Amino acid sequence: MLQGKKGVIFGVANNHSLAWSIARALDSAGATLAISCQGERFVKKIEKMAAEELKARPLVLVCDVQDEQQVARLYEQIASTFGRLDFLVHSIAYAGREDLEGRFLQTSREGFRLAMEISVYSLLAVTRPAVPLMGQGGSIVTLTYLGSQRFIPNYNVMGVAKAALEAAVRYLAGELGPAGIRVNALSAGPVNTLSARGIKDFSSFLHTAAAKAPLRRNISSEEVGEAALFLLSSLSRGITGETLYVDAGYHITGA
Ligand code: NAD
């Protein structure tokens, strides 16, 4: 489905990362990938994972999205290696552990700023330099969670960040649509990853979702990968500005 397509994936930390499941799905669909990680310390591990689990060797790059110079350097590397881009995956979020427990009311100014900058502004920061490389159109996907729409204890500032992220998706979709660039969010059910474990009582997210979702189970990261493949392929060419739930139906319940 993605034969001949080139794209960049932000947010692989390890083989539990949702971005890694997405990388696997896109790789099996024939895409040529650049994988961006937060720091040098991740590179060797990702290259080893790629050698073991991917068909084609990806370009593994480093980019801390808080640093404009690193973003610019990453895009220079992509432009010189790929020449163009067809898709982008943004799978990045961060909030301090102290802001993912207790009362939302107590979120500090700095904690709020940090969560918004890394989890929301970074979508703009990585999309802006991608646009000139998407001359033939493109597809952009970011990852969100139901805590954007509902009060979910302990999700706190990240729920507010995800609401802003989903709004940013609509604004970007509105602006970039005339250039043939689609922008969508994928709202995943809970999956046990490094970031998820930073949320207090995360295991209760898993138990509640499995007990109450219409499909009566949790989702797998492979299901997230395959939904991303759909949103990045021409199968979804009529869809933009959308939030697609991959959560075994949990969001439709009154739970
Ligand atoms: P993860 O920890 O594997 O991925 C988060 C990534 O963000 C990591 O690769 C980390 O290095 C990166 N990151 C954080 N700060 C960064 C920075 N300054 N610069 C560059 N990269 C930075 O966890 P995940 O669960 O795969 O999270 C990926 C996305 O999926 C996040 O947006 C998360 O909110 C979202 N999501 C996760 C779940 C879940 O239950 N795991 C559910 C819905 C949505």
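The values are calculated or read from the model by the stated rules, or taken from the named source; none is laboratory data. Note that the structure is a prediction, hence the values are computed from the model and not measured. A quick note on method: Cβ atoms are made from the backbone with ideal geometry, for glycine too, and the neighbour counts reach across all protein chains shown. These area figures cover heavy atoms from the full protein model, side chains too; ligands, DNA and RNA do not enter into them. Shrake-Rupley method; radii C 1.70, N 1.55, O 1.52, S 1.80 Å.
A protection proxy built from the mean count of other Cβ atoms within 10 Å ranks the segments 130-136, 106-112, 86-92, most packed first, as 86-92, 130-136, 106-112.
The residues of segment 6-247 expose, per residue, 46 Å² of accessible area to a 1.4 Å probe. Separation of the alpha carbons by more than 24 angstrom is noted, of LYS5/LYS162; LYS5/LYS55; LYS44/LYS200; LYS55/LYS162; LYS45/LYS200, for LYS5/LYS162; LYS44/LYS200; LYS55/LYS162; LYS45/LYS200. Using alpha carbons only, the radius of gyration of the chain set against its Kirkwood radius gives Rg/Rh = 0.94. The trypsin sites (Lys or Arg not before Pro) found in segment 1-86 that occupy coil by DSSP, while having at most 15 further C-beta atoms within 10 Å, are LYS55, ARG84. Once the Cα-Cα distance is subtracted from the 0.36 nm per residue extended length, the ALA167 to GLU53 segment shows a gain of 37.6 nm. Note on segment 103-255: along the principal axes its Cα atoms extend 45, 39, 26 Å, ordered by decreasing extent.
Extension gain, GLU222 to LEU235, is 2.9 nm, computed as 0.36 nm per intervening residue step minus the present C-alpha separation.
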